[in-house]
Amino acid sequence: EAIRLSGGRAQYYLSRAKSCEAVGDFSCSAWDYFSAMDWKDISDYASYYYLLGSEMHRINEPKYALDAANTALKKDPSNPDYYELQGRIQADAGKPALAKKDFQKMSSLSPARKPEADSLIEQLKKK
(Lines give C-alpha, C1' and ligand atoms only; values in the text may rest on other atoms or scores of the structure.)
Protein backbone atom coordinates (compact mmCIF):
# COMPACT_ATOMS: atom_id res chain seq x y z
CA GLU A 1 0.00 0.00 0.00
CA ALA A 2 2.86 2.38 0.83
CA ILE A 3 4.34 1.95 -2.65
CA ARG A 4 0.99 2.68 -4.31
CA LEU A 5 0.49 5.79 -2.18
CA SER A 6 4.02 7.01 -2.90
CA GLY A 7 3.33 7.12 -6.62
CA GLY A 8 5.59 4.12 -7.06
CA ARG A 9 8.92 5.72 -6.18
CA ALA A 10 11.84 3.44 -6.93
CA GLN A 11 13.32 3.74 -3.44
CA TYR A 12 10.22 2.10 -1.97
CA TYR A 13 10.68 -0.90 -4.27
CA LEU A 14 14.36 -1.14 -3.36
CA SER A 15 13.66 -0.96 0.35
CA ARG A 16 10.94 -3.57 0.15
CA ALA A 17 13.18 -5.80 -1.99
CA LYS A 18 15.84 -5.73 0.74
CA SER A 19 13.22 -6.44 3.40
CA CYS A 20 11.76 -9.33 1.42
CA GLU A 21 15.22 -10.82 0.94
CA ALA A 22 15.96 -10.50 4.65
CA VAL A 23 12.93 -12.64 5.51
CA GLY A 24 13.56 -15.15 2.75
CA ASP A 25 10.84 -14.03 0.34
CA PHE A 26 13.05 -14.08 -2.73
CA SER A 27 10.21 -13.88 -5.23
CA CYS A 28 9.02 -10.63 -3.67
CA SER A 29 12.59 -9.34 -3.66
CA ALA A 30 13.22 -10.24 -7.31
CA TRP A 31 10.05 -8.67 -8.63
CA ASP A 32 10.53 -5.51 -6.56
CA TYR A 33 14.02 -5.08 -8.01
CA PHE A 34 12.47 -5.64 -11.42
CA SER A 35 9.86 -2.92 -10.75
CA ALA A 36 12.51 -0.48 -9.51
CA MET A 37 14.33 -0.71 -12.83
CA ASP A 38 11.61 1.40 -14.46
CA TRP A 39 13.30 4.49 -13.02
CA LYS A 40 16.32 5.93 -14.82
CA ASP A 41 18.03 6.92 -11.58
CA ILE A 42 18.09 3.21 -10.73
CA SER A 43 18.55 1.67 -14.18
CA ASP A 44 21.76 3.64 -14.76
CA TYR A 45 23.59 1.53 -12.17
CA ALA A 46 25.13 -1.85 -12.95
CA SER A 47 24.92 -2.83 -9.28
CA TYR A 48 21.11 -2.82 -9.36
CA TYR A 49 21.13 -5.07 -12.41
CA TYR A 50 23.45 -7.37 -10.50
CA LEU A 51 20.98 -7.50 -7.59
CA LEU A 52 18.12 -8.10 -10.01
CA GLY A 53 20.01 -10.86 -11.79
CA SER A 54 20.99 -12.51 -8.53
CA GLU A 55 17.44 -12.57 -7.24
CA MET A 56 15.98 -13.74 -10.55
CA HIS A 57 18.55 -16.54 -10.63
CA ARG A 58 17.61 -17.46 -7.08
CA ILE A 59 13.92 -17.86 -8.03
CA ASN A 60 14.74 -19.76 -11.24
CA GLU A 61 13.86 -17.07 -13.77
CA PRO A 62 16.83 -17.66 -16.09
CA LYS A 63 15.78 -15.32 -18.90
CA TYR A 64 15.35 -12.34 -16.57
CA ALA A 65 18.49 -13.31 -14.64
CA LEU A 66 20.63 -13.51 -17.77
CA ASP A 67 19.22 -10.27 -19.19
CA ALA A 68 20.06 -8.47 -15.95
CA ALA A 69 23.55 -9.98 -15.74
CA ASN A 70 24.23 -9.00 -19.36
CA THR A 71 23.11 -5.44 -18.67
CA ALA A 72 25.30 -5.23 -15.56
CA LEU A 73 28.27 -6.35 -17.65
CA LYS A 74 27.54 -3.83 -20.39
CA LYS A 75 27.45 -1.06 -17.81
CA ASP A 76 30.54 -2.25 -15.93
CA PRO A 77 32.59 -4.88 -17.79
CA SER A 78 35.41 -4.74 -15.26
CA ASN A 79 33.48 -6.19 -12.31
CA PRO A 80 34.37 -9.85 -11.67
CA ASP A 81 31.21 -10.41 -9.59
CA TYR A 82 29.10 -9.81 -12.66
CA TYR A 83 31.00 -12.46 -14.63
CA GLU A 84 30.57 -14.89 -11.75
CA LEU A 85 26.82 -14.32 -11.74
CA GLN A 86 26.53 -14.69 -15.49
CA GLY A 87 28.65 -17.85 -15.32
CA ARG A 88 26.43 -19.39 -12.65
CA ILE A 89 23.34 -18.60 -14.71
CA GLN A 90 24.92 -20.10 -17.84
CA ALA A 91 25.98 -23.20 -15.90
CA ASP A 92 22.47 -23.74 -14.57
CA ALA A 93 21.09 -23.22 -18.08
CA GLY A 94 23.23 -26.09 -19.35
CA LYS A 95 25.78 -23.91 -21.15
CA PRO A 96 29.09 -24.99 -19.59
CA ALA A 97 31.32 -23.53 -22.33
CA LEU A 98 29.84 -20.06 -21.82
CA ALA A 99 29.98 -20.47 -18.04
CA LYS A 100 33.65 -21.45 -18.24
CA LYS A 101 34.47 -18.32 -20.24
CA ASP A 102 32.73 -16.17 -17.62
CA PHE A 103 34.58 -17.84 -14.74
CA GLN A 104 37.89 -17.42 -16.58
CA LYS A 105 37.13 -13.74 -17.14
CA MET A 106 36.23 -13.38 -13.45
CA SER A 107 39.62 -14.87 -12.58
CA SER A 108 41.53 -12.64 -15.00
CA LEU A 109 39.89 -9.52 -13.57
CA SER A 110 40.53 -10.63 -10.01
CA PRO A 111 43.54 -12.97 -9.79
CA ALA A 112 42.89 -13.50 -6.07
CA ARG A 113 39.68 -15.27 -7.08
CA LYS A 114 41.44 -17.82 -9.32
CA PRO A 115 40.95 -20.69 -6.83
CA GLU A 116 37.23 -19.90 -6.70
CA ALA A 117 37.02 -19.73 -10.51
CA ASP A 118 38.92 -23.02 -10.83
CA SER A 119 36.51 -24.67 -8.40
CA LEU A 120 33.50 -23.39 -10.35
CA ILE A 121 35.03 -24.69 -13.58
CA GLU A 122 35.63 -28.10 -11.94
CA GLN A 123 31.97 -28.19 -10.87
CA LEU A 124 30.99 -27.70 -14.52
CA LYS A 125 32.66 -31.00 -15.36
CA LYS A 126 30.44 -32.79 -12.86
CA LYS A 127 27.18 -31.55 -14.34
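Note: relative contact order over the chain, using C-alpha pairs below 8 Å and six or more positions apart, is 14 percent. Placing unit charges on the Cβ atoms only, positive for Lys and Arg and negative for Asp and Glu, gives the chain a dipole magnitude near 440 debye about its Cα centre. Here the 3J(HN,Hα) profile of the range 47-59, calculated from phi with Karplus coefficients 6.51, -1.76 and 1.60 at θ = phi - 60°, is 4, 6, 5, 4, 4, 4, x, 4, 5, 5, 5, 4, 9 Hz, Gly and Pro shown as x.
Determine the per residue accessible area of the range 37-127 with all protein chains present and a 1.4 angstrom probe, expressed in square angstrom. Display every interim value, and only then the final one.
Numbers: 5190 Å² over 91 residues.
So the range 37-127 comes to 57 Å² accessible per residue, rounded to a whole number.
Straight Cα distances below 15 angstrom link residue 114 to the aspartates and glutamates 81, 84, 102, 122, with same-chain residues fewer than 8 positions distant left out. Kirkwood Rh, the chain, all Cα pairs: how many Å? It is 15.1 Å.
Surface composition of the range 1-116: carbon and sulfur make up 52 percent of the accessible area, probe 1.4 Å. Comparing 73, 98, 85 in a Gaussian network model of the chain where C-alpha atoms under 10 Å apart are linked, the largest mean-square fluctuation is found at 98. Dividing the helix sum by the residues of the chain, where each DSSP H run of 4 or more adds -39500 (n - 2.57), gives a mean residue ellipticity at 222 nm of -23500 deg cm²/dmol. Extension gain for residue 92-residue 25 works out to 22.0 nm (0.36 nm per residue, less the C-alpha to C-alpha distance).
Any chance you could run the full-extension gain for residue 40 through residue 116? It's 0.36 nm times the residue separation minus the Cα-Cα distance, nm to one decimal.
Value of the extension gain: 23.9 nm.
The HN-Hα couplings worked out from phi for the range 27-34 by the Karplus form 6.51 cos²θ - 1.76 cosθ + 1.60 (θ = phi - 60°) are 5, 4, 4, 4, 6, 6, 4, 4 Hz, whole numbers, x standing for Gly and Pro. Our coupling estimate for the range 74-82, obtained by passing each phi through the Karplus curve with A = 6.51, B = -1.76, C = 1.60 and θ = phi - 60°, is 5, 7, 8, x, 9, 9, x, 4, 5 Hz, Gly and Pro reported as x.
The values are calculated or read from the model by the stated rules, or taken from the named source; none is laboratory data. From a predicted model like this one, the values you see are computed outputs, not experimental measurements. Cβ sites come from the backbone with ideal geometry, for glycine too, and all protein chains shown count toward neighbours. For accessibility, only protein heavy atoms count, side chains too; no ligands or nucleic acids. Shrake-Rupley method; radii C 1.70, N 1.55, O 1.52, S 1.80 Å.
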